[in-house]
Amino acid sequence: MFFLTSKLVLMLQMLQIKFEMEKEKIEIFDTTLRDGEQVPGCKLVTKQKVEIAKKLELLGVDVIEAGFPVSSPGDFESVKAISKEMKEVRVCALTRAVKNDIDVAVEALKEAERPRIHTGIGTSDIHIKRKFNSRPDLVLEQAKEAVRYAKKRLEDVEFYAEDAGRTDKEFLARVCEEVIKEGATVLNIPDTTGYCLPEDYGNKIRYIKENVKGIDKVILSCHCHNDLGLATANSIAGIENGARQIECTINGIGERAGNTSMEEVVMILRQHPQKEYYTNINTRLFSEVSQLVAEQMGMPVPPNKAIVGSNAFAHSSGIHQDGVIKDRQTYEIIDPKDVGVDYSKIILTARSGRSALAYRAKMIGVELTKLELDRVYRYFLKVADNLKEVNEQDLIGILTANGFSVKAG
Ligand code: KIV
Ligand code: ZN
């Protein structure tokens with residue numbers, strides 16, 4: 001018995017190694033607690049941040065961006081507390097390309113097992129001229145100095161070229177090359193304003209991959225905002241063109257229209273096995289983590305949100321319900337259990353058909369014959385036309401009114 005079990009474990013390990021050799025790992029960098037928390041009204045206290053960070057570690061993210069320590073004493077404390085608690089996952093702190101920001105971040109990360117500094121500066125013309133009233137050569141110098149300074153304190157230094165989406169590609173490539181020389185380990189190419197089209201964002205990543213000396217020593221990272229609803233598509237385009245890290249948030253929360261939604265990018269990579277990528281995420285925890293973040297941040301998830309919205313696995317039109325009852329896969333591309341949802345929901349409305357009514361009646365213990373179903377269905381439609389949804393209580397009322405007894409519970 002012991003022999004069989006250990007043989008099985010060995011086989012599973014070999015399968016896992018084969019899988020990982022054939023597929024490429026995509027690092028998941030979670031910024032729910034930094035970019036996500038920048039949303040007005042979403043501010044968290046340290047205790048809440050630590051609770052979410054623990055869940056993110058369980059979920060399997062590779063990096064947690066815990067905050068922007070110089071921004072407030074509270075954020076400093078949160079980064080410090082998260083650094084202390086996390087064991088496996090990298091803990092990252094944001095800074096501007098400013099020495100004092102870097103000093104404060106290093107201090108906050110002091111107890112982290114695997115600390116990372118995330119420093120950077122705006123590189124687009126509009127940022128350079130209007131935000132900094134500066135020049136490209138001066139910005140380049142500041143970027144280099146910041147990475148050099150951070151690298152003296154920590155091994156793992158991620159550089160962001162803010163507004164890279166609108167930055168001239170040749171200048172962007174030059175900045176990337178110079179910060180690699182200074183020791184950057186990860187290069188973040190943010191589409192800060194959510195402006196890019198997937199093809200343009202992908203081309204930008206490919207241009208950097210093909211034109212920057214030393215690029216193979218570092219990880220290229222996508223950080224996309226959702227102003228045009230393209231954050232997820234842009235992140236995937238980034239991956240297809242050479243990026244190996246995605247920066248994202250739970251429920252896609254973040255500045256303005258939000259960041260790339262983690263559950264979306266991870267499920268895209270998982271549901272399309274022909275794409276040669278994998279992540280470390282335990283997708284079965286998505287529903288739970290999504291609810292925790294929504295509750296703690298007071299930011300409800302829209303019902304139609306992909307993967308984690310309450311309607312993501314709910315069916316209400318008769319044609320769809322009939323299909324799903326026969327075979328779930330007729331209208332579902334994801335098994336709800338894979339994202340932590342127990343089962344697909346058949347919602348009763350005036351658009352529902354007989355099979356949905358029979359299915360829901362059976363769930364509460366009433367099996368209807370064909371003739372009974374015809375009769376109850378006529379009654380059901382009259383009730384349903386006056387309601388947005390026929391809930392379980394309404395259904396019990398309909399069945400009782402038609403002479404069926406339903407046991408409570
Ligand atoms: O969107 C952005 O450019 C950012 C950087 C600070 C990484 O959030
Ligand atoms: Zn951002």
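The values are calculated or read from the model by the stated rules, or taken from the named source; none is laboratory data. Note that the structure is a prediction, hence the values are computed from the model and not measured. Reconstructed Cβ throughout: ideal geometry from the backbone, glycine too, with neighbour counts over all protein chains shown. Quick note on the areas: whole protein, heavy atoms, side chains included, nothing else; ligands and nucleic acids left out. Shrake-Rupley method; radii C 1.70, N 1.55, O 1.52, S 1.80 Å.
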**Prompt:** Regarding Ile205, is this residue of a type outside the set (Ser, Thr, Tyr), within 16 Å of ligand 1 (Cβ to nearest atom) and in a helix (DSSP H, G or I)?
**Reply:** yes
Check your understanding: Being farther than 25 Å from Ser261 by Cα and in contact with an Asp or Glu (Cβ under 8 Å, 6 or more places away or on another chain), is that true of even one residue in the stretch 165-176?
Key -> yes
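Looking only at the stretch 27-41, filter to residues that are farther than 15 Å from Ser78 by Cα and in contact with a Gly (Cβ under 7 Å, 6 or more places away or on another chain); which one of those is nearest to ligand 2 (Cβ to nearest atom)? Break it down stepwise before answering.
The first filter runs over the stretch 27-41 and keeps only residues farther than 15 Å from Ser78 by Cα, leaving 27-30, 39-41.
Narrowing further to those that are in contact with a Gly (Cβ under 7 Å, 6 or more places away or on another chain): 39, 41.
Values: Val39: 11, Gly41: 18 Å.
Top of the filtered list is Val39.
Only one of Glu88, Glu77 is in contact with an Asp or Glu (Cβ under 7 Å, 6 or more places away or on another chain), under 25 Å from Val147 (Cα atoms) and open to solvent by 60 Å² or more (accessible area, probe 1.4 Å); which? Even if it seems obvious, please write down each step before you answer.
Working: Glu77 fails: in contact with an Asp or Glu (Cβ under 7 Å, 6 or more places away or on another chain).
Only one candidate passes the filter, namely Glu88.
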Item to complete: Might you let me know whether the stretch 331-341 holds any residue that is farther than 30 Å from Glu288 by Cβ and touching a residue at least 24 places away in the same chain (Cβ under 8 Å)?
Response: no
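Does Glu51 satisfy being under 28 Å from Arg270 (Cα atoms), open to solvent by 10 Å² or more (accessible area, probe 1.4 Å), in the same structural domain as Arg244 (by TED's automatic domain parsing) and acidic (Asp, Glu)? Let's see the steps before the verdict.
On the way: under 28 Å from Arg270 (Cα atoms): yes; open to solvent by 10 Å² or more (accessible area, probe 1.4 Å): yes; in the same structural domain as Arg244 (by TED's automatic domain parsing): yes; acidic (Asp, Glu): yes.
So Glu51 passes the test.
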Of (1) within 14 Å of ligand 2 (Cβ to nearest atom); (2) under 13 Å from Thr32 (Cα atoms); (3) in contact with a Phe, Trp or Tyr (Cβ under 7 Å, 6 or more places away or on another chain), Ser221 fails just (2)
The condition of being touching a residue at least 24 places away in the same chain (Cβ under 8 Å), over 14 Å from the mean Cα position of the chain (by Cα) and part of a loop (DSSP other than H, G, I, E, B) holds, among Ala356, Ala350, only for Ala350
- Message: For the structure I just gave you, tell me whether Ala66 is touching a Cys at 6+ places or on another chain (Cβ under 7 Å) and either within 16 Å of ligand 2 (Cβ to nearest atom) or not basic (Lys, Arg) (or both).
- Response: yes
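How many residues does the stretch 361-409 hold that are of a type in the set (Ser, Thr, Tyr) and either assigned to a helix (DSSP H, G or I) or within 19 Å of Lys345 (Cα to Cα) (or both)? Give the derivation first.
Step one: list which residues in the stretch 361-409 are of a type in the set (Ser, Thr, Tyr), which gives 369, 377, 379, 400, 405.
So of that shortlist, the ones also either assigned to a helix (DSSP H, G or I) or within 19 Å of Lys345 (Cα to Cα) (or both) come out as 377, 379, 400.
The total comes to 3.
Could you check how many residues of the stretch 52-64 are in a strand (DSSP E or B) and in contact with a helix residue (DSSP H, G or I) (Cβ under 9 Å, 6 or more places away or on another chain)? Step through it out loud before you land on a result.
Step one: of the stretch 52-64, the residues in a strand (DSSP E or B) are 63-64.
Narrowing further to those that are in contact with a helix residue (DSSP H, G or I) (Cβ under 9 Å, 6 or more places away or on another chain): 64.
Within the stretch 52-64, residues that are in a strand (DSSP E or B) and in contact with a helix residue (DSSP H, G or I) (Cβ under 9 Å, 6 or more places away or on another chain) number 1.
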- [ ] Evaluate the following for Glu199: is it more than 23 Å from the chain's Cα centre (by Cα) and either among the aromatic types (Phe, Trp, Tyr) or more than 14 Å from ligand 1 (Cβ to nearest atom) (or both)?
- [x] no
Expected output for the stretch 37-56 (first residue touching a residue at least 40 places away in the same chain (Cβ under 8 Å) and within 11 Å of Gln296 (Cβ to Cβ), partner in a loop (DSSP other than H, G, I, E, B) and of a type in the set (D, E, K, R), Cβ below 7 Å, 6+ apart or cross-chain) is Glu37/Lys43
